[in-house]
Amino acid sequence: MPDARPFSAVVRSPEWLADAGAWATAALSDLGDARHEPAGPARLHRVRPWSAQVVLPTRGGDVWLKACADYARFEPGLQVVLARLAPDHVQEPLAVDAARGWLLTADHGPSVGEGDGEQGHLVREDWVEVVRLIAQLHVACADAREELLATGVPDRSPQTVPARLDALVALLSARPDEEPGHLSASRAEELLGLRPAVAQACEVAESIGLPLTWVHGDLHRWNVYAEAGSLRVFDLGDSQWSNPLTELEIPRHIVGDDPLVRMTLLDEVLAPWGRTWRDVTPEVATAVAVLHQVNRAEVWLGATAQADEDERRQWGASPEQELAALVPLLLRA
């Protein structure tokens with residue numbers, strides 16, 4: 001029977017940590033490498049409503065166990081597939097338990113963003129290598145749709161957006177008035193009234209003719225690290241099957257709307273498909289932003305589905321906020 005407790009309550013229990021530590025220790029033992037011999041007890045490092053991280057000290061250094069909440073339980077299986085499709089850019093796990101959403105990986109050191117300081121101070125050159133990396137992954141995954149979706153990666157392709165918007169509005173409207181993220185009747189009516197414009201945006205986004213592919217969904221320099229002269233991406237819990245241009249929405253919000261930055265990053269993500277920033281008209285850019293907002297609302301809905309009361313107060317309004325951002329986008333279009 002599924003555990004009805006909030007995810008954070010489950011992973012903070014001594015029983016859960018003992019179980020996770022025992023699984024990880026046994027998995028490392030099966031590898032037959034003396035460097036993986038335990039050098040201390042497993043300890044809980046960080047807990048969020050959507051995942052938890054456990055550190056296991058070993059003779060060869062720390063090993064990390066990531067436990068995913070239900071919405072991202074596909075992540076361990078996905079990382080196995082991506083590590084095979086793009087071995088230079090995704091770390092091969094040491095072990096996975098796909099049924100429980102557990103992922104065991106070697107420590108990879110700091111992310112490339114850890115020395116960047118304030119996010120707003122990032123400059124264009126800092127992002128080119130990251131977007132070039134993700135563009136290579138987009139190409140590597142474009143022909144692997146069925147295999148990727150079989151891991152549980154959600155299909156958030158443009159044609160699915162209108163129906164998913166309807167479902168989001170219904171779910172958030174049904175929340176009690178006092179609950180974070182409740183969608184008021186007036187806001188729900190406003191969003192449903194914009195549904196034809198959302199459907200039109202989906203058609204516009206597809207009109208550029210890019211293949212759909214795996215999209216990381218939370219691309220920034222804190223989810224990328226360097227190893228042996230190659231950049232690698234991690235933290236795959238927001239992954240989805242979608243339009244590759246949606247990948248640039250998170251970077252755009254971080255670095256701002258500087259035209260030169262926008263053109264440079266667009267060129268990087270479009271280059272493998274023989275396109276340039278000139279192919280992304282203002283109408284296409286707005287349409288991609290619409291897709292992203294619906295997709296991001298759905299990510300937040302899943303990420304907070306197993307939150308406790310305090311966590312709901314902190315993050316529970318996020319799905320409604322993402323949907324609310326659709327209104328100025330579409331009214332401006």
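PRO154: net charge of surrounding residues, Cβ under 11 Å, Lys/Arg +1, Asp/Glu -1, itself excluded? Show your work: numbers first, answer last.
Details: positive: ARG156, ARG164; negative: ASP155, ASP238, GLU298.
Cβ neighbours under 11 Å give a net charge of -1.
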remark   = For THR58, other-chain or 5+-apart residues with amide H closer than 5 Å (H placed, Pro excluded) are ALA39, VAL63
request  = Report the local net charge at ALA39: Lys and Arg +1, Asp and Glu -1, summed over other residues whose C-beta lies under 11 Å from its C-beta.
outcome  = 0
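Stretch ASP126-ASP143 to full length: gain in nm at 0.36 nm per residue minus the Cα-Cα span?
Details: separation 17, 0.36 × 17 = 6.12 nm, distance 2.93 nm.
Gain on stretching ASP126 to ASP143: 3.2 nm.
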message = Roughly how far apart, in whole Å, are the Cα centres of segment 41-60 and segment 212-232?
response = 21 Å
note = From the Cα centre of segment 265-319 to that of segment 154-173, the distance in Å is 13 Å
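What is the calculated FRET efficiency for ASP62 to LEU192, with r their C-beta to C-beta distance and R₀ = 35 Å, to the nearest 0.05?
Numbers: r = 49 Å, r/R0 = 1.40.
That pair, ASP62 with LEU192, gives E of 0.10.
Accessible area of the chain with a 1.4 Å probe: how many percent of it is carbon plus sulfur?
Within the chain, the accessible surface is 52 percent carbon and sulfur.
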key: Residue with peak Gaussian network fluctuation, the chain [Cα springs, cutoff 10 Å], from ASN243, ASN223, ASN295   = ASN223
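Could you give the length gained on full extension between VAL327 and ASP155, defined as 0.36 nm per residue of separation minus the Cα-Cα distance, in nm?
The VAL327-ASP155 span can extend by a further 59.6 nm.
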For VAL80, net neighbour charge (Lys/Arg +1, Asp/Glu -1) across residues whose Cβ lies under 13 Å away = -3
note = Result for the chain: accessible area per residue, probe 1.4 angstrom, in square angstrom, of 45 Å²
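The values are calculated or read from the model by the stated rules, or taken from the named source; none is laboratory data. The structure presented is a predicted model; accordingly, all values stated were derived computationally and were not measured. For neighbour counting, all protein chains shown are included, and Cβ atoms are generated from backbone atoms with ideal geometry for every residue, glycine included. Ligands, DNA and RNA are excluded from the accessible area calculation, which covers all protein heavy atoms including side chains. Shrake-Rupley method; radii C 1.70, N 1.55, O 1.52, S 1.80 Å.
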